[in-house]
Number of protein chains: 2
Amino acid sequence: MQLPQVSVTLPDWVADAVDWDRAYATDEERMRLAIHLSRENVVRGTGGPFGAVIVEAESGRVVAVGVNSVVRLNNCTLHGEMVAFMMAQARLSCFSLSSGSLPRHELVTSCEPCAMCLGATLWSGVRRVVCGAHRDDARRLDFEEGPVFPESHEYLEARGIEIVEGVLRAEANEVLELYRNSKGLIYNG
Amino acid sequence: MQLPQVSVTLPDWVADAVDWDRAYATDEERMRLAIHLSRENVVRGTGGPFGAVIVEAESGRVVAVGVNSVVRLNNCTLHGEMVAFMMAQARLSCFSLSSGSLPRHELVTSCEPCAMCLGATLWSGVRRVVCGAHRDDARRLDFEEGPVFPESHEYLEARGIEIVEGVLRAEANEVLELYRNSKGLIYNG
């Protein structure tokens, strides 16, 4: 039996969608990038309407990004946040973004993390999560969020992870609506 | 900027640890395989004490397996269950194990899924989850399980996923103890 091998890649357009030398200074600037990625993912037909950014909290430097890649790569685990965590850890060769002398990292995501991504957030080593669209916005499109409860957020906050909700929520929502109007596949509906 | 690429592979020893032609008929037979994988992962030094199996419910044929690969591959998302989901979907070229005409699939895991893996279980398309060690057993080793509540299991069950706990729990626990005694890295502690 030949064991399968899984390769996780980003679409080619992603390299030019990010200004890798820029300091993305504010939550809004960082969120605008996450939303841009989510929109491009829909427009270019490479996946669902979700984008995520891992950024150094202080410098504003982008370490890695992710876009939803479930359908493109036939892999249910590849939500935008998961791809971003994997890419950041691959780039830094570590399994925790709070390892050793690393600077503080944040996750900026165009939509509130689902249950899987919220769990992974805890393992990832990010110290802050900034969310655009609310989980109810995703649910309106019949995207399931899974078992996420108010206590789930409290659990992360009790472990030192700050969660900020609703940054540019309306802009983030526009991409969800764009996806709905383009009859995008609701792959877990 | 060269985009990073993530490659998810299993250790070489895994190919021979599974009898790919066998019908693993009962929960206990399937769990014994998951526990064997968890033990070998510790003994061979390829990761944490967790193994998982994706099996066709009726035929008992193993579709894919996973072992904890967080440290080996520098990737916080690669718990045993996640690797098993990815490998099964790669093998079947689908993002849901309940796609189309596929037979029913089950996840058999040497330890109850953490919050991330429980979320992924919902997206994976498996219809049944069989657990060995309890999450409290993992917690005794300071392995975090994340925000998993009784309602989390109820949430999956309400969506048609059966969860069976405590199959060969004592045997599964022996591997956790082996890991503790071998001073294994508690990587999210």
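See the values below:
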{"read-out": "Lone qualifier among B:Gly60, B:Gly51 - being at positive phi and in contact (Cβ under 8 Å) with a residue 12 or more places away in the chain", "value": "B:Gly60"}
{"read-out": "Any hit, region A:60-72, residues being in contact with a strand residue (DSSP E or B) (Cβ under 9 Å, 6 or more places away or on another chain) and within 30 Å of B:Arg61 (Cα to Cα)", "value": "yes"}
{"read-out": "Residue ranges of helices (runs of 4 or more DSSP H) in region B:125-186 with at least 1 members under 14 Å from the mean Cα position of the chain (by Cα), away from chain A (no Cβ under 14 Å) and touching a residue at least 40 places away in the same chain (Cβ under 8 Å)", "value": "B:169-181"}
{"read-out": "Among (1) in contact with a strand residue (DSSP E or B) (Cβ under 6 Å, 6 or more places away or on another chain); (2) within 20 Å of B:Ala115 (Cα to Cα), the one test that A:Ile161 misses", "value": "(1)"}
{"read-out": "Residue match in region B:69-77 (condition: over 23 Å from A:Gly66 (Cα atoms), of a type in the set (Val, Ile, Thr) and in contact (Cβ under 8 Å) with a residue 40 or more places away in the chain)", "value": "no"}
{"read-out": "Failed item, numbered, when B:His105 is tested on (1) under 17 Å from the mean Cα position of the chain (by Cα); (2) of a type outside the set (A, V, I, L, M); (3) on the phi > 0 side of the Ramachandran plot", "value": "(3)"}
{"read-out": "Qualifying position, being of a type outside the set (Val, Ile, Thr), under 20 Å from B:His153 (Cα atoms), crowded, with 18+ Cβ neighbours inside 10 Å and modelled with pLDDT of 95 or more, among A:Ala172, A:Ala120", "value": "A:Ala120"}
{"read-out": "Some residue of region A:97-104 being among the charged types (D, E, K, R) and in contact with a Gly (Cβ under 8 Å, 6 or more places away or on another chain)", "value": "no"}
{"read-out": "Failed criterion for B:Ser7 (all others in (1) outside any strand (DSSP E or B); (2) more than 19 Å from B:Val167 (Cβ to Cβ) hold)", "value": "(1)"}
{"read-out": "Index of the failed condition, B:Asn74 passing every other in (1) surrounded by fewer than 23 Cβ atoms within 10 Å (Cβ to Cβ); (2) out of contact with any helix residue (DSSP H, G or I) (no Cβ under 7 Å at 6 or more places or on another chain)", "value": "(2)"}
{"read-out": "Any hit, region A:41-52, residues being of a type in the set (D, E, K, R) and at the interface with another protein chain (Cβ under 9 Å from one of its Cβ atoms)", "value": "no"}
{"read-out": "Count of region A:6-34 residues which are within 12 Å of another protein chain (Cβ to nearest Cβ), more than 30 Å from B:Ala88 (Cβ to Cβ) and either buried (at least 17 other Cβ atoms within 10 Å of the Cβ) or not small (Gly, Ala, Ser) (or both)", "value": "7"}
{"read-out": "Output for region A:60-114, where each listed residue is under 18 Å from A:Ile161 (Cα atoms), more than 9 Å from chain B (Cβ to nearest Cβ) and either in a helix (DSSP H, G or I) or aliphatic (A, V, I, L, M) (or both)", "value": "A:Glu81, A:Ala84, A:Leu102, A:Leu107, A:Val108"}
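The values are calculated or read from the model by the stated rules, or taken from the named source; none is laboratory data. A quick note: this is a predicted structure, and the numbers were derived from the prediction, not measured. Reconstructed Cβ throughout: ideal geometry from the backbone, glycine too, with neighbour counts over all protein chains shown.
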